[in-house]
Amino acid sequence: MKLVPQLVLAAASLTLGLVTVDSKSVSAAIINYAFTVESMEKKGNGFFSFDDSTFSNEVNPVATINSLSFQFDGDSTVYTEQDDNKYPEFPLVFQTTSLTGQTNFALDYLFNDKSNPSSSISYEIIGEDFTIFSRTSPDAQPILGKVSYTQVPEPTPVVGTLFACSLGWMMKRKVTSMKSLKSKLG
């Protein structure tokens, strides 16, 4: 009989955690991604978010970025969506499929070097390709690199699961303390 309250408590905790996860994922529209840029010349990290309900109805659907923040390693300059050369129509996010068949989202983002405004250097991210090139010297050899993306999980399911586990732990302590009290009184 001691096992029944614990089973009920575990089932209630699991149900509460799953309801929290399911209800949030059904209504989720803002998607968050982290990305890393690597080339022989520059490396950096950034984040972007977009509303997946705003994808266009084109053959290759795209959506505009809600927010973007990017910074090269060792440089205090922060690039945002407003630094794109064609802002506010760009930067864009589009869907891509890897060789393994996994679907991800990728950027189309073109921005100038703002840490040195007199420079003619520009940076371009299109999907998994990163390019550094000169706007004024067409004969200059571009520097190529790679971009990798990772979806950032929403904090709400994690918080819901922690809440459910904490609630279960507190209920277990309460049951244990009530049993302890009954054994002392009885």
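The values are calculated or read from the model by the stated rules, or taken from the named source; none is laboratory data. Just so you know, these numbers come straight off a predicted model, no measurement behind them. Methodologically, a virtual Cβ is constructed for each residue, glycine included, from the backbone with ideal geometry; neighbour enumeration extends over all protein chains shown. For accessibility, only protein heavy atoms count, side chains too; no ligands or nucleic acids. Shrake-Rupley method; radii C 1.70, N 1.55, O 1.52, S 1.80 Å.
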- Item | Integer Hz, Karplus 6.51/-1.76/1.60 couplings in order for segment 118-134, x for Gly and Pro | 7, 6, 9, 7, 10, 10, 9, 10, 9, x, 9, 9, 10, 10, 10, 8, 9
- Query: Residues with amide H under 5 Å of E154's amide H, sequence separation 5 or more or different chain, H placed in the peptide plane at 1.01 Å from N; which?
  - Reply: none
- Item | Ranking by accessible area, most exposed first, for V78, V93, V59 with a 1.4 Å probe | V59, V78, V93
- Message: Residue by residue through segment 100-106, what is 3J(HN,Hα) from phi via Karplus (6.51 cos²θ - 1.76 cosθ + 1.60, θ = phi - 60°)? Round to whole Hz and write x for glycine and proline.
- Response: 7, x, 7, 8, 9, 10, 9
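Which three numbers, in whole Å and largest first, are the semi-axes of the equivalent ellipsoid of segment 26-123 derived from its Cα gyration tensor as √(5λ)?
Working: eigenvalues 128, 48, 33 Å².
Ellipsoid semi-axes (Å, largest first): 25, 16, 13.
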- For the pair K114 and N60, how long in nm is the line joining their label points, each one 7 Å along Cα→Cβ? 2.7
- Message: Within 10 Å of each candidate Cβ there may be at most 12 other Cβ atoms; applying that plus a DSSP loop requirement, which GluC sites (Glu not before Pro) in segment 55-151 survive?
- Response: E58, E89
